[in-house]
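Data block below; observations after.
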Amino acid sequence: MTKTLTFKVIMCLLVPLLLSGCLGGGTEINDLEIVVGMGVDKDKDTGKILLTAQIVREGEIGSNSGNGGGQNAKAFWNVTATGDTIFDAIREMTHKTGNRLFVSHNHVVIYGYNIAEEGLQEHIDFFLRSHEMRPTAFILIAECDVSAVLDAKPETEELPAMNIAKLLKSHGYTSHFIEVNLKDFISCLMSPTTSPVAPIVEVTPGEESEDIYISGMAIFKNDKMVGKLNKEETRGLLWVKGKIKSGVLLVPSPGKQGKIALEILEAKTKVTPKMENGKIVMDVNIKVDTSLAEQATIENMTTLPGFEKMQKIQEEVIKHEIMAAFEKSKELKADIFGFGEMLHKKYSSKWNAIKDNWDDIYPDIVLNIDVKAEIKKADLLVKAPVPG
Amino acid sequence: MTNIEKGRISGPQLLFLVSGFVQGSVMLIDFAVGMAEKQTWMVILAGLLVSIPFVISYAALAKRFPGMNVIQINDIIYGRILGKLLSIYYIFFLFITLSFNIRDVGELYTIFLMPNTPFIFFLAVFTATCAYAVSRGIEVLARISYLFVITGIFVSISTTILLVDKMDFSNFLPLFELPFIRIFQGIHIMVSIPFGETIVFLMIIGYTNKDGNVIKNTLSGLLLGAFSLFIVAVRNTAVLGITQTIWTAPSFQSTRLIDIGTVLTRMDFLVGIAQTVLIFFKCCLFFYALLLAVSEILGLKSYMPLVLPLAGIEVIIAATVFQSPLDHAEITQNAGIIYSLPLMLVIPPLTLLIAKIRRLPESKGGKVT
């Protein structure tokens with residue numbers, strides 16, 4: 001009895017020693033540089049990769065508001081390094097940081113405009129291959145210098161990279177852009193026809209500091225950036241993709257005197273590809289529910305005829321947005337909607353005949369848009385407050 | 001004839017042993033993903049259908065010779081010399097496959113979980129644990145099999161539920177696209193890896209209780225295991241789509257995408273736990289069968305003296321047999337499924353047939369148990 005008891009006690013004492021980790025692999029938190037965002041840009045002088053990594057300065061987090069002492073004390077440190085490849089540059093960085101970079105908490109990967117135009121294929125492999133990286137990190141294209149984006153200190157957040165991730169997650173309020181993570185991006189990249197898109201981020205000068213602003217989406221042809229979608233065009237894309245969450249639909253009032261803002265409550269999209277005598281028709285059916293959020297006009301729109309009129313105009317506005325996106329994609333011959341994949345899935349046998357010259361076929365696609373808009377409520381007012 | 005193993009397992013325990021064993025190959029279905037891409041789910045079902053008759057033949061064979069293992073059966077059916085040769089083939093298969101599976105664990109850990117720890121360390125610790133488990137006999141493994149099977153199924157189902165919002169079922173379309181030869185090779189991989197490897201149970205089924213209902217339980221175990229593999233394959237294809245072919249381990253990547261309200265993230269540890277536990281279980285059964293077979297052929301009274309030497313040899317083979325995971329995948333996808341084929345698909349049904357024709361074991365030594 002006592003012998004087994006002693007054995008058990010010894011085992012219990014040994015377990016914490018043996019299970020607490022391996023020799024050589026132990027890493028303390030203060031020996032790591034936690035990276036929250038990364039930027040890849042082209043060094044203008046040497047043509048090499050210029051990598052910027054945003055490292056958290058643990059000591060500064062949350063201390064700014066305390067004694068207000070260091071106004072310039074940033075909670076982050078942007079380290080840059082050049083290299084021939086990304087991994088090369090990351091290891092080069094240890095010359096400045098002294099510690100290994102820990103990229104497991106990386107939230108955003110920002111590519112410079114120049115590099116996006118030359119092609120991302122070479123520069124995306126590391127972010128997928130590295131075992132610490134997550135495929136859920138967001139991908140963005142910077143309109144200006146990448147380091148400027150990562151330098152712009154936000155007003156409410158302490159870390160610019162986290163701020164960008166927060167901005168991206170708020171896409172549902174306007175549906176003017178969409179978050180794209182690494183996995184989504186390479187899904188489109190690997191598809192033979194679909195063109196990837198990625199949000200564009202830029203820095204706008206504010207009063208005291210600079211603001212980060214997401215201005216639209218970049219269109220890629222294969223892995224090269226070829227064009228941009230503005231906000232309306234992006235929403236056109238999202239209508240077809242069925243990724244609209246909410247947003248403001250501005251419609252001119254029937255009497256042309258002002259504008260009416262409708263809030264999108266729910267949108268459902270169904271796209272049916274059709275192939276008729278060699279002609280490709282895409283039936284886009286959209287059902288959208290909105291509510292009257294604001295009317296900036298003197299006419300009282302909270303009436304049944306008013307609702308009906310607004311629904312009509314609203315349908316036109318949505319169609320217009322979709323067509324704008326489609327025209328843009330036709331111009332660039334970039335299948336951002338994924339129509340090619342839809343045809344591939346539905347007409348797999350006929351697809352083989354057309355897949356090789358998809359770029360030439362794409363502009364001839366006929367888009368058949370059918371929007372059914374319903375205004376579901378008018379919120380707190382049944383009549384607009386009109387001067388008596 | 002003396003029996004090395006004195007323990008007996010019950011019918012339901014056999015079911016869970018088989019099921020846990022089949023699920024232990026959950027990492028190995030990635031070999032089929034490279035071949036069958038989005039048709040992996042189809043390949044699993046087809047492989048299962050092809051395997052069922054063979055697995056029934058294993059169970060029927062073991063049922064015909066209660067209390068005996070395949071080494072003893074070979075001696076009875078094929079005589080001493082041919083029987084021994086076939087047994088050595090069987091032992092070779094167990095030996096090599098066990099080292100490959102141990103290597104899988106090392107690769108899983110060095111790539112995904114602890115990249116800075118030496119490879120050999122995982123192999124040694126893992127094999128030592130297996131050695132400890134098998135030295136306790138089949139009854140212990142059988143008792144713990146419930147827990148392992150439930151862990152495996154719980155993880156595959158829970159991760160699937162957490163990923164529902166990331167799934168796109170149009171990823172399966174078009175249903176038939178790949179050339180038949182790739183599907184065929186995919187089916188071949190499924191038949192010879194997760195399902196065909198149940199040939200190990202020729203060493204184990206014999207120790208089931210008389211009322212064990214061997215065939216029914218083996219088959220149910222196979223179906224339960226295949227169900228779990230099927231869920232994993234469907235989840236990976238639905239979530240990862242076209243990208244599933246580029247990852248080393250699609251299961252890890254798909255669970256890395258779990259993001260429920262930014263709180264429930266990084267759930268890949270669940271897959272790490274489940275795969276470790278299941279591969280451990282599979283390796284234990286392999287190791288157990290290997291020990292029993294080797295000591296049977298050497299005429300030992302107990303397999304205990306062999307545990308540590310064989311474990312050491314297995315670790316060394318596992319550490320040196322391949323240069324990299326690529327090597328491993330290449331050999332398994334192309335060569336491994338060929339050399340094991342006669343053992344899985346030809347010899348057991350043939351043995352059963354000969355036993356039926358010669359009315360064995362009733363005529364000779366049938367009462368010896």
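A few comments on the model shown:
- For chain B, the Rg and Dmax computed from alpha carbons only, in angstrom: 20.2, 69
- Using alpha carbons only: equivalent-ellipsoid semi-axes of the range A:47-157, gyration tensor based, whole Å: 26, 16, 14
- Once the convex hull of all Cα atoms in the range B:305-349 is built, its volume per residue stands at 83 Å³.
- Descending Cα extents along the principal axes, the range B:1-83, whole Å: 51, 31, 19
- For the range B:90-137: rounded, prolate or oblate by the Cα gyration tensor [a/c cutoff 1.5]: oblate
- Taking 13 Å as the cut-off, the amide N atoms of the range A:121-142 that come nearer than this to a point 7 Å along the Cα-to-beta-carbon line of B:Thr248 belong to A:128-133.
- Overall form of chain A per C-alpha gyration tensor (a/c, 1.5; a/b vs b/c): prolate
- With a Förster radius of 30 Å applied to the beta-carbon distance between B:Leu350 and B:Leu326, the computed FRET efficiency rounds to 0.25.
- Total charge dipole magnitude, the range B:222-357, about the Cα centre, Cβ charges on Lys, Arg, Asp, Glu only, Debye to nearest 20: 300
- Protection proxy ranking of A:369-380, B:18-29 - average other beta-carbon atoms within 10 Å, highest first: B:18-29, A:369-380
- All other residues whose Cβ lies under 14 angstrom from that of B:Pro348 are scored, Lys and Arg at +1 and Asp and Glu at -1, for a net of +2.
- Placing +1 on the Cβ of every Lys and Arg and -1 on the Cβ of every Asp and Glu, with nothing else charged, gives the protein assembly as shown a dipole about its Cα centre of roughly 4040 debye.
- Considering only A:Asn352, B:Gly272, B:Gln72, and ranking their Cα positions along the charge dipole of the protein assembly as shown that arises from unit charges at the beta-carbon of Lys, Arg, Asp and Glu, the one farthest toward the positive end is B:Gln72.
- For the pair B:Leu178 and A:Leu5, a Förster radius of 51 Å applied to the C-beta separation gives a FRET efficiency near 0.25, rounded to the nearest 0.05.
- Inter-probe distance in nm under a simple model that places probes 7 Å from Cα toward Cβ, at B:Asn334 and B:Tyr146: 4.7
- Counting beta carbons within 10 Å around each of A:Asp184, A:Asp84 and listing the fewest first gives the order A:Asp84, A:Asp184.
- Phi angles of the range B:196-203 translate, via the Karplus equation with coefficients 6.51, -1.76, 1.60 and θ = phi - 60°, into HN-Hα couplings of x, 5, 4, 4, 3, 5, 4, 8 Hz per residue; Gly and Pro are given as x.
- Put in order of Cβ neighbour count within 10 Å, fewest first, the listed residues A:Leu182, B:Leu85 become B:Leu85, A:Leu182.
- For the range A:180-258, the C-alpha radius of gyration divided by 2.2 N^0.38 Å, with N the number of residues, is 1.40.
- GNM remark for chain A: springs join alpha carbons under 10 Å apart, and the peak mean-square fluctuation among A:Pro135, A:Pro205, A:Pro252 falls on A:Pro205.
- Peptide B:228-241 has a mean of 1 when you count, residue by residue, the C-beta atoms of other protein chains within 10 Å of its C-beta.
- Helix axis angle, B:304-320 relative to chain B longest principal axis, alpha carbon, degrees: 40
- Spin-label model, B:Ile316/B:Val164: points 7 Å from Cα along the beta carbon direction are separated by 5.3 nm.
- When each of A:Lys166/A:Lys287; A:Lys231/A:Lys287; A:Lys245/B:Lys166; A:Lys44/A:Lys166; A:Lys328/B:Lys38 is checked by Cα-Cα distance, pairs over 25 Å: A:Lys166/A:Lys287; A:Lys44/A:Lys166; A:Lys328/B:Lys38
- Where the alpha-carbon atoms of the range B:187-258 are placed on the principal axes, they occupy 49, 23, 17 Å, in descending order.
- Across the range B:120-257, Cα-Cα pairs more than 24 Å apart make up 48 percent of the total.
- Distance between modelled label sites at A:Leu381 and A:Glu157, nm, 7 Å Cα→Cβ extension: 3.5
- Net +/- balance of residues flanking B:Ile279 in space, Cβ distance below 14 Å, scoring K and R +1, D and E -1: -3
- Using alpha carbons only, the radius of gyration of the range B:239-329 set against its Kirkwood radius gives Rg/Rh = 1.16.
- FRET efficiency, 1/(1 + (r/R0)^6) with R0 35 Å, evaluated for A:Cys12 and B:Phe119 via beta carbons: 0.75
- Dipole size of the range B:11-357 about its Cα centre, with +1 on Lys/Arg Cβ and -1 on Asp/Glu Cβ: approximately 860 debye, rounded to the nearest 20.
- Of B:Leu290, B:Thr127, B:Trp41, farthest towards positive along the dipole that unit charges on Lys, Arg, Asp, Glu beta carbons give chain B: B:Leu290
- The largest-to-smallest principal axis extents of the Cα set in the range A:117-193 are 41, 27, 27 Å.
- Over the range B:279-331, volume per residue of the alpha carbon convex hull, in Å³: 93
- What the pair-distance distribution of the range B:171-330 shows, using all Cα-Cα distances binned every 5 Å from zero, is 1, 6, 10, 15, 18, 15, 14, 10, 6, 3, 1, 0, 0 percent.
- For the range A:231-388, the equivalent ellipsoid built from the Cα gyration tensor has semi-axes of 37, 14, 12 Å, listed from largest to smallest.
- Multiplying the residue separation of B:Lys210 and B:Leu300 by 0.36 nm and subtracting their alpha-carbon distance yields 29.8 nm.
- Fewest-first sequence of A:Thr82, A:Thr2 by Cβ atoms within 10 Å of each Cβ: A:Thr2, A:Thr82
- Dipole of chain A [Lys/Arg +1, Asp/Glu -1 at C-beta], most positive-end residue of A:Ala324, A:Cys12, A:Gly216: A:Cys12
- Convex hull of Cα atoms in the range A:123-163, direction-averaged projection (nm²): 3.7
- Rg ratio (alpha-carbon, reference 2.2 N^0.38 Å) - the protein assembly as shown: 1.16
- Vicinal HN-Hα couplings computed from phi for the range B:252-260 (Karplus, 6.51 cos²θ - 1.76 cosθ + 1.60; Hz; Gly/Pro x): 5, 5, 5, 6, 5, 7, 4, 8, 9
- As computed over the range B:177-217, the Cα convex hull volume per residue (Å³): 73
Rule-based calculations on the coordinates, nothing more; no lab input. Because the structure is a prediction, the values reported are computed rather than measured. Every residue, glycine as well, gets a Cβ built from its backbone with ideal geometry; the counts of neighbours run over all protein chains shown.
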